[in-house]
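Here the structure is laid out as structure tokens; the discussion comes afterwards.
The values are calculated or read from the model by the stated rules, or taken from the named source; none is laboratory data. Since we're looking at a predicted model, the values are computed, not measured. Heads up, the Cβs are rebuilt from the backbone with ideal geometry, glycines too, and the neighbour counts pull from every protein chain shown. SASA here: full protein model, heavy atoms, side chains in, ligands and nucleic acids out. Shrake-Rupley method; radii C 1.70, N 1.55, O 1.52, S 1.80 Å.
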Amino acid sequence: MAKYIFVTGGVVSSLGKGITASSIGLLLKSRGFRVSLQKFDPYINVDPGTMNPYQHGEVFVTQDGAETDLDLGHYERFIDENLSRHNNHTTGQIYESVLEKERKGLFLGGTVQVVPHITNEIKQRITKLASKESLDVVICEIGGTVGDIEGQPFLEAIRQLRLDLGPGNVLYVHVTLVPYIATSGEFKTKPTQHSVRELRAAGIQPDIIIARSTERMPRAAREKISLFCSVEKEAVIDAPDVESIYEIPLIFHEQELDRLVIAKLGLAENPAELSAWRDYVERERNRRESIRIALVGKYTGLKDAYKSVIEALNHAAVAEGMRLDLVWVESSDYDEDKFEGFKDIDGILVPGGFGIRGIEGKIRVVRYARENRIPYLGLCVGLQVAVIEFARNVCGLEDANSTEFNKKTPHPVIDLMPEQKNIYRKGGTMRLGSYPCILKPETRTREYYGKEVVFERHRHRYEVNPAYLERLQDAGLVISGSSPDGLLAEIVELPDHPFFVASQFHPEFLSRPLRPHPLFANFISKAHEYAARSGLADSPSK
Ligand code: GLN
């Protein structure tokens, strides 16, 4: 039978519960256990697919095409496993399935209530994952903060599970904030005490407290938390701010968090194998030179909106021994041709995006990258703008566009596929998840991947219009990867450019710290070469 670790959060949100859960996952996996992670989001949306990036950050797409919370991206990057729709659940989905059962009459005339019907549905989703995948440990993160109205059914469900499964099989980990007051030099434990009191009011006594703070806490603060929250001293774990999230598992390991977890759950004392991870963190720390990459998007500065893209760039930069100096470029600023800001840029990336705002700016930026031979990587809409630019300025197709941005364009080089045309519901109706892509021999793309068939994850409605493929190719655009039937252009490149590659899919979802994605790795290494050539690199970072 699987063991369960429930991770809740207290005091404020954004404490890094997802990273905490991922780090525990990594540590247990490093000791040879089969582990998976699960996230429960208390909001009522069915999934984050329809939510604004300002509210929710990136939508992470799983292999099976679920649009999920960005924490699933951390889970995959830390435990290096592909997750699925069974790893993310929302209040919306839970009510949807309970209501469907009610309409089918499955509750036999009973009154349908939060307890037990909603809580049973939650419990069933928690335990189903382990039975499906024969796991040793399931780490289950409850979104939101303890005390939120929306979170109550989830706390009630995980409280009941300790009764259902037995105390030795369930562990509660609470992540809280311990503010440091610089003027008095004190770590304040009161918010943590209140948060634990709130958790106890829901019937849950935490076994482990992860205390988030800006600095390392003195022993006295940890002892105080231990005493007031009734948690053993060694179970109060210090989680200071760090430069890189990938250091956190090591910080936890140093404090023997993994040993504590396996002791409490009665798991075998296998040794931890963390050498590859340690190497990565070491390499990450020792980077000196930096490389400047422009990220051209609509949500400048909003790191969460491009989480996986930034992580993928970082993994590739670490492999190249470079620090990533990310320059945010607001695409709508480039509606006028002013490129002074691009002078010392080593590579340009246009990530995914929806809607017309900033599109003409992106098209101008692509033209600048193509004509000035600056390494360019386009992702999803980044491919679409590259094709539009090429059609307009190389093929001479005036006003070529995507029908997403101009329905009346004379040259719809990007268009909806017939199967997308009659879809009116917004949620979950895009081309989603993993599809095969056949790479053309003797292309750079094929060389980068080193194999013929690759599987990559998609999230879009529009495609390169097959009616224009011939004209684009005749003018020199190489379709270096396509769908098995040859109809859909999945990846394009320009052969006479140092690096100009754009994909219809999202390679960022497959990048892992120890396995940077080949497209990102080659983009960064070409950007490095470009920097060396233009003599602008090698500025040692302070
Ligand atoms: N808006 C484009 C489409 O739907 C691209 C989407 C994306 O970049 N993820 O096809």
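One quarter of the convex hull surface built on the alpha carbon atoms of segment 208-247 amounts to 2.8 nm², the projected area averaged over directions.
What the pair-distance distribution of segment 58-192 shows, using all Cα-Cα distances binned every 10 Å from zero, is 9, 32, 34, 17, 6, 1, 0 percent.
Taken along its three principal axes, the alpha carbon spread of segment 384-427 comes to 36, 18, 15 Å, from the longest extent down to the shortest.
Semi-axes of the equivalent ellipsoid for segment 7-119, please: Cα gyration tensor eigenvalues, times 5, square-rooted, ordered largest first, whole Å. Ellipsoid semi-axes (Å, largest first): 28, 17, 15. Legend: residue pairs LYS298/LYS426; LYS29/LYS123; LYS39/LYS526; LYS17/LYS233, Cα-Cα distance threshold 30 Å; pairs beyond threshold, LYS39/LYS526. Put simply, the convex hull of the Cα atoms in segment 241-324 casts, on average, a shadow of 7.2 nm². Split the accessible area of segment 161-219 by element, probe 1.4 Å, and carbon with sulfur accounts for 54%. Considering only DSSP states other than H, G, I, E and B, which trypsin sites (Lys or Arg not before Pro) in segment 420-522 qualify as loop sites with at most 14 other Cβ atoms within 10 Å? Sparse-neighbourhood loop trypsin sites (Lys or Arg not before Pro): ARG425, LYS426, LYS451. Once you treat every alpha carbon in segment 400-542 as an equal point and sum by Debye, what is log10 I(q)/I(0) at q = 0.17, 0.19, 0.20 Å⁻¹? For segment 400-542 at q = 0.17, 0.19, 0.20 Å⁻¹, log10 I(q)/I(0) is -1.05, -1.21, -1.29.
Volume per residue of the convex hull around the Cα atoms, evaluated for segment 343-398, comes out as 78 Å³. Projected onto planes of every orientation and averaged, the convex hull of the alpha-carbon atoms in segment 329-456 covers 9.6 nm². Measuring r between the beta carbons of LYS440 and GLU254 and using R0 = 51 Å, the FRET efficiency lands at 0.55. For TYR376, the residues whose modelled amide H falls within less than 5 Å of its own, excluding neighbours fewer than 5 places apart on the same chain, are ILE348, PHE499, PHE500, VAL501. In order along segment 409-426, the phi-based Karplus estimate (6.51 cos²θ - 1.76 cosθ + 1.60, θ = phi - 60°) of 3J(HN,Hα) comes to 4, x, 10, x, 5, 10, 8, 6, 6, x, 6, 8, 6, 9, 9, 10, 6, 7 Hz; Gly and Pro are listed as x. Dimensions of segment 124-163 based on its C-alpha atoms, expressed as ranges along the principal axes with the largest first, amount to 33, 20, 13 Å. Remark: relative contact order (the chain) = 15 percent; criterion is Cα-Cα distance under 8 angstrom and separation of 6 or more residues. Quick one: Cα centre-to-centre distance for segment 423-455 and segment 249-272, in angstrom? That distance is 39 Å.
Treating the Cα atoms of segment 195-344 as identical point scatterers in vacuum, please give the log10 of the normalised Debye intensity I(q)/I(0) at q = 0.15, 0.17, 0.20 Å⁻¹, two decimals. Evaluating at q = 0.15, 0.17, 0.20 Å⁻¹ gives log10 I(q)/I(0) of -0.95, -1.06, -1.23. Taking θ as phi - 60° and the Karplus parameters 6.51, -1.76 and 1.60, the scalar couplings of segment 128-139 work out to 5, 4, 5, 6, 5, 10, 6, 9, 8, 9, 10, 9 Hz in sequence order, x denoting glycine and proline.
Binning the alpha carbon pair distances of segment 261-390 at 5 angstrom intervals from zero yields the distribution 2, 10, 18, 18, 15, 10, 7, 6, 4, 4, 3, 2, 0, expressed in whole percent.
Convex hull volume of the C-alpha atoms in segment 49-100, normalised per residue: 84 Å³.
For the chain, what does -39500 (n - 2.57) per DSSP helix run (n ≥ 4), summed and divided by total residues, give at 222 nm, in deg cm²/dmol to the nearest 500? One gets -10500 deg cm²/dmol as the mean residue ellipticity at 222 nm.
Across the chain, counting alpha-carbon atoms alone, Rg and Dmax equal 24.9, 76 Å.
Every pair of different Cα atoms in segment 165-264 enters the Kirkwood calculation, which places the hydrodynamic radius at 14.1 Å. Remark on HIS411: its backbone amide H falls under 5 Å from those of ASN401, a criterion applied only to residues 5 or more positions apart or on other chains, H modelled at 1.01 Å from N. How about segment 209-270: which GluC sites (Glu not before Pro) there lie in a loop by DSSP and see at most 10 other Cβ atoms within 10 Å? In loop regions of segment 209-270 (DSSP not H, G, I, E or B), the sparsely surrounded GluC sites (Glu not before Pro) are GLU243, GLU269.
In a fully extended conformation the segment linking ARG287 and GLN420 would gain 43.3 nm over its present Cα-Cα distance, using 0.36 nm per residue. Beta-bridge orientation, the chain: approximately 35 percent antiparallel, per DSSP, counting only bridges with both partners inside.
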